[in-house]
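First comes the structure, then the notes that go with it.
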Amino acid sequence: MSAIITPFNKESFADEMKPKISGADLTLEYENIESSVCKVAEDCIEVLSEPLYEAICQDKGTTDEKLQAKALDYLQRSMLHFCLYEHLIFLMARIKDDGVTVVKSDTETTVYKYLQDGLENKFITIGWFWMNKLLQLMDKNIDKFPLWKDSEPRKDLADTPITRDDFYRWVGVKDDYFVIVARWLIREAWTDCVTSRIKDPEKTDAIARAMCYEVMGRACSRLAFLQLPEPVRLDISNEMSKANKDKEESNVRKRVASSFTNQAAAYWTALEVQLKNDELKENPQSRPIYTPPRISENDPFVY
């Protein structure tokens, strides 16, 4: 038995959790998927912090019983869908002493690849939907969730130079979770691309726009597939399902990332031009003076 705390009751797992799983006709017991549940628990701890995650699992996230019930429900729904994504390959295959097989009969067969891809994407999307609901619930009732109010992920968000509103405005990403899991990429890009150009920078629309595209490009290459926003996951899946099915995922990710990084590069160039123009306005003496070349009748090739 795992020492990792989870928000599920093992004895009543199948009956209580089945209504919370989208479109699933499962007869699985908890022990059959426990490893994937524990893996997902670690992913959720990264977003929520360990003290808060364990408190919600143990009905101690808040003293408000109604809010605690909602928080637990949202966490359970989120983890269930992530767990099905992680465990899907084991649900499709049968591992036996004589090898690995799939189930086929007169009435059932294996799922088509495009259906499997769509199913995986929906599991991730719905999982993050419920995680976003949990984050929004705690932000809306921040004084009643002290462990969230004082958590490291939330403190990190307060210090992050680019916010969820910026991502929504410039690249259409409105997920709270994404800013949390990508916060290290945001800080990295800010250091590499902003403070290297501007001393004591202040965020402007031009900087925010370039940063959002820069971070999205880096996320495509470096975040786990599970952590990417839905539009990016769909782009990667569509590229993988095209005619050249032997493409490696890393190469496909680079291609999708380039659509963001190329745009970011154009925005950074425009920003540098603007900075240079501002410098010339403030200090006209720094404007380069054109000195025409000296031309003499003694120069060769002069007629």
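The values are calculated or read from the model by the stated rules, or taken from the named source; none is laboratory data. Please read all numbers here as calculations on a predicted model, not as lab measurements. Methodologically, a virtual Cβ is constructed for each residue, glycine included, from the backbone with ideal geometry; neighbour enumeration extends over all protein chains shown.
Only one of the listed residues (203, 199) is part of a loop (DSSP other than H, G, I, E, B), farther than 22 Å from residue 119 by Cβ and at pLDDT 90 or above. That residue is 203.
Looking at the structure I just gave you, is residue 182 at pLDDT 95 or above, under 23 Å from the mean Cα position of the chain (by Cα) and not acidic (Asp, Glu)?
For residue 182, the condition - at pLDDT 95 or above, under 23 Å from the mean Cα position of the chain (by Cα) and not acidic (Asp, Glu) - is not met.
Only one entry in 126, 89, 45 is among the hydrophobic types (A, V, I, L, M, F, W, C) and surrounded by fewer than 16 Cβ atoms within 10 Å (Cβ to Cβ), namely 89. Residues in the range 114-167 that are more than 20 Å from residue 51 (Cβ to Cβ), of a type in the set (Val, Ile, Thr) and in a helix (DSSP H, G or I): 3 in all. The helices (runs of 4 or more DSSP H) found wholly in the range 1-96 and carrying at least 2 residues that are under 28 Å from the mean Cα position of the chain (by Cα) and at pLDDT 90 or above occupy 30-48, 50-57, 65-92.
Return a yes/no flag: does the range 140-152 have any residue that is of a type outside the set (S, T, N, Q), assigned by TED's automatic domain parsing to the domain that holds residue 221 and crowded, with 18+ Cβ neighbours inside 10 Å. No, that holds for no residue. Tell me, which residue of the range 222-232 that is loosely packed, with under 15 Cβ neighbours inside 10 Å and more than 18 Å from residue 165 (Cα to Cα) is farthest from the chain's Cα centre (by Cα)? Checking each candidate, the answer is 222. Here residue 269 passes the criteria (1) β-branched (Val, Ile, Thr); (2) part of a helix (DSSP H, G or I); (3) in contact (Cβ under 8 Å) with a residue 12 or more places away in the chain; (4) over 21 Å from residue 127 (Cα atoms) except the one numbered (3). Among the residues of the range 130-170, those that are under 30 Å from residue 239 (Cβ atoms) and either acidic (Asp, Glu) or free of Cβ contacts under 8 Å to residues at least 24 places away in the same chain (or both) comprise 163, 164, 165, 166, 168.
Note on the range 168-178: residues that are closer than 19 Å to residue 128 by Cβ and in a helix (DSSP H, G or I) total 5.
Within the range 111-125, being among the β-branched types (Val, Ile, Thr) and under 15 Å from residue 228 (Cβ atoms) holds for 124, 125.
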